[in-house]
Amino acid sequence: MAQPARLGRGGRWGRRRLSPAAPLQATAEQAARWRPWMQRALQLAVLGQGRTSPNPMVGCVVLDAEGQLVGEGFHAQAGLPHAEVGALRQAGERGKGGTAIVTLEPCCHHGRTPPCSQALLAAGIGRVVVAMVDPDPRVAGQGLAQLRAAGVEVLAGVCGAEARQLNRAFIHRVTTGRPLGILKWAMSLDGRTALPNGSSQWISGPEARAWVHRLRGQVDAVIVGGGTLRADDPLLTSRGLGPREPLRVVLSRTLDLPPQRQLWDQGPAPTLVVHGPEASALGRQQLDQLGVERLELDLCTPLTVLAALAQRGCNQVLWECGPPLAAEALKQGCVQQLAAVIAPKLLGGVAARTPLGDLGLVDVNGAQQWDLQGVERLGVDWLWHLNNSLRAIKA
Ligand SMILES: NC(=O)c1ccc[n+]([C@@H]2O[C@H](COP(=O)([O-])OP(=O)(O)OC[C@H]3O[C@@H](n4cnc5c(N)ncnc54)[C@H](OP(=O)(O)O)[C@@H]3O)[C@@H](O)[C@H]2O)c1
């Protein structure tokens with residue numbers, strides 16, 4: 001039997017227990033048998049990266065009754081067929097009595113597409129192997145329960161950690177009601193983001209900036225504050241390096257925003273300005289005339305903005321704001337991952353700017369502790385990846 005290529009190691013999600021409605025957990029022997037095919041399904045799932053929100057990334061492999069590969073599929077975009085449907089279509093009659101290996105529990109509800117549990121039954125699949133149960137309350141073990149009730153052999157937990165790592169943003173949104181937040185900044189070796197006179201472009205080199213462009217193409221929204229919009233006039237697009245452009249979001253309490261900004265041209269990507277009730281009438285009028293979408297919230301905070309973005313189907317956002325908003329987002333638990341670019345430059349100056357505003361600490365022992373996931377070199381710069389996913393899961 002051909003063995004597909006391996007994927008890298010995943011995160012810590014695998015330590016969580018499956019829900020009571022979950023099927024039999026694969027034994028070590030069963031997991032070893034199905035792991036290579038699940039790894040192939042995970043590779044297929046990644047092909048949908050950046051396009052599936054609010055849905056998860058899902059991949060599926062179908063084997064015939066003799067264990068030969070007869071179908072592959074992945075979820076390419078919300079609204080398009082789910083991974084199982086594509087793989088079953090490819091397999092056709094050959095899938096009868098075979099095995100479907102799926103990175104996520106098949107859905108059992110009518111959404112924009114019909115339930116995959118029914119499609120698997122209609123295709124005569126005899127065994128379904130999944131990496132993880134779908135945390136979406138509309139599914140939550142019921143898809144697998146339906147299959148079992150119809151006599152299909154069901155196994156779960158094969159490559160569960162990798163699957164949870166892959167869909168950590170979807171899981172975060174479904175379980176908390178807010179998109180997963182990544183906070184990114186670029187600073188000099190001495191921790192400065194700008195000179196006292198505001199000069200800041202560019203601290204990081206072209207390779208690091210290209211990395212940020214690619215990241216923008218994978219998240220659903222990029223968020224800045226009114227201050228960054230006024231100071232930098234950013235474009236906030238992927239420059240064509242990502243699968244698609246994110247929603248560009250500006251948080252402004254005052255709506256005291258310049259009439260000419262790159263973000264007002266929505267040719268490259270859509271823009272949304274979120275503001276509170278205190279926003280000026282002039283600012284509102286100006287945006288309306290420019291045709292820029294506004295969203296007024298009773299309270300304009302990182303938490304309320306994230307809740308609104310989750311409603312719009314965002315699984316993952318990138319905070320690219322200045323110090324005050326970044327600190328506020330951190331304090332409100334709106335950041336689960338940090339991406340800190342450190343350039344081998346010295347800016348000096350006691351009044352020079354730093355990445356974060358006041359976090360409200362009075363004792364260094366109360367400092368936020370982050371887990372270093374890895375450091376990579378981007379040209380002459382170093383990119384630090386950190387997360388606090390353990391704390392986010394406990395919360
Ligand atoms: N090195 C880097 O990676 C990086 C990244 C981004 C920005 N920057 C730098 O940061 C500087 C801009 O910093 P900044 O402090 O002016 O910008 P900011 O943090 O992006 O924006 C602050 C603004 O956000 C709005 N806001 C809305 N709700 C808020 C809330 N709950 N808490 C805090 N702010 C809220 C307010 O806008 P209104 O005043 O419009 O009401 C506030 O003035 C620029 O020099 C830029 O170059 C550096």
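Taken together, the values in this text are just the output of simple stated rules run on the coordinates, not laboratory data. Model, not experiment: these values are computed from the prediction. All Cβ positions, even for glycine, are placed from backbone atoms using ideal geometry, and neighbour counts span all protein chains on display.
One table, with the values for the structure above:
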quantity	calculated
Note, ³J(HN,Hα) from phi for the range 243-249, Karplus 6.51, -1.76, 1.60, rounded to Hz, x at Gly and Pro	x, 6, 8, x, 6, 9, 10
Distance (nanometres) between label positions extended 7 Å along Cα→Cβ at Leu189 and Arg244	4.2
Where N is the number of residues in the range 240-371, Cα Rg divided by 2.2 N^0.38 Å	1.20
Area projected by the alpha carbon convex hull of the range 205-254, averaged over all directions, nm²	3.6
Inter-part distance where the range 93-127 and the range 222-255 are each reduced to a Cα centre, Å	40
Förster radius 25 Å - calculated FRET efficiency between Gln311 and Leu282 (Cβ-Cβ, nearest 0.05)	0.35
Residue-wise HN-Hα coupling along the range 198-206, computed from phi with Karplus coefficients 6.51, -1.76, 1.60 (Hz; x: Gly, Pro)	x, 4, 9, 10, 10, 7, 8, x, x
Computed over the range 178-394: relative contact order in percent, which uses C-alpha pairs under 8 Å that are six or more apart	31
5 angstrom amide H check on Gln316, placed H, neighbours 5+ away	Leu180, Asp220, Ala221
The range 185-235: chymotrypsin sites (Phe, Trp or Tyr not before Pro) in DSSP coil with no more than 14 other Cβ atoms inside 10 Å	Trp202
Relative compactness, the range 99-150, computed as alpha-carbon Rg over 2.2 N^0.38 Å	1.01
Rounded to the nearest 20 debye, dipole of the chain from Cβ charges on Lys, Arg, Asp, Glu	620
The chain shape via C-alpha gyration tensor axes, a/c threshold 1.5	prolate
Point-to-point label distance, Gln49-Thr175, nm (Cα→Cβ direction, 7 Å offset)	2.2
Gyration tensor verdict on the range 24-92 (Cα atoms; rounded if a/c is under 1.5, prolate if a/b is larger than b/c, oblate otherwise)	oblate
Residue exposure sequence - His82, His213, His275 - by fewest surrounding Cβ within 10 Å	His213, His275, His82
Where only alpha carbons of the range 13-166 are counted, the Rg and the Dmax (Å)	13.5, 38
Rounded to whole Hz, the Karplus (6.51, -1.76, 1.60) HN-Hα couplings of the range 166-183, x for glycine and proline	4, 9, 4, 5, 4, 4, 4, 5, 5, 8, 10, x, 9, x, 5, x, 10, 9
Largest to smallest principal axis extent of the C-alpha atoms in the range 114-222, angstrom	70, 26, 24
Translational diffusion coefficient (Stokes-Einstein; Kirkwood radius from C-alpha pairs) of the range 179-301 at 10 °C, 1.306 mPa s, in µm²/s	103
Cut-off under 5 Å, modelled amide H: who pairs with Gly225 long-range	Leu251, Gly322
Helical contribution to [θ] at 222 nm, DSSP H n ≥ 4, -39,500 (n - 2.57), averaged over the chain, rounded to 500	-8000 deg cm²/dmol
The range 52-157: trypsin sites (Lys or Arg not before Pro) falling in loop per DSSP and having at most 11 other Cβ within 10 Å	Arg112
Amide H partners (placed H, <5 Å) of Leu295, local residues excluded	Val273, Val274, His275
Protection proxy ranking, peptides 231-241, 348-358, 367-377, average beta carbon neighbours within 10 Å, highest first	231-241, 348-358, 367-377
Scattering profile of the range 314-391 at q = 0.13 Å⁻¹ [log10 I(q)/I(0), Debye over alpha-carbon scatterers]	-0.49
Chain lengthening between Asp233 and Gln369 when straightened (0.36 nm per residue, less Cα-Cα)	45.7 nm
The range 246-314: GluC sites (Glu not before Pro) falling in loop per DSSP and having at most 12 other Cβ within 10 Å	Glu278
Antiparallel DSSP beta bridges within the chain, as percent of all bridges there, nearest 5	40
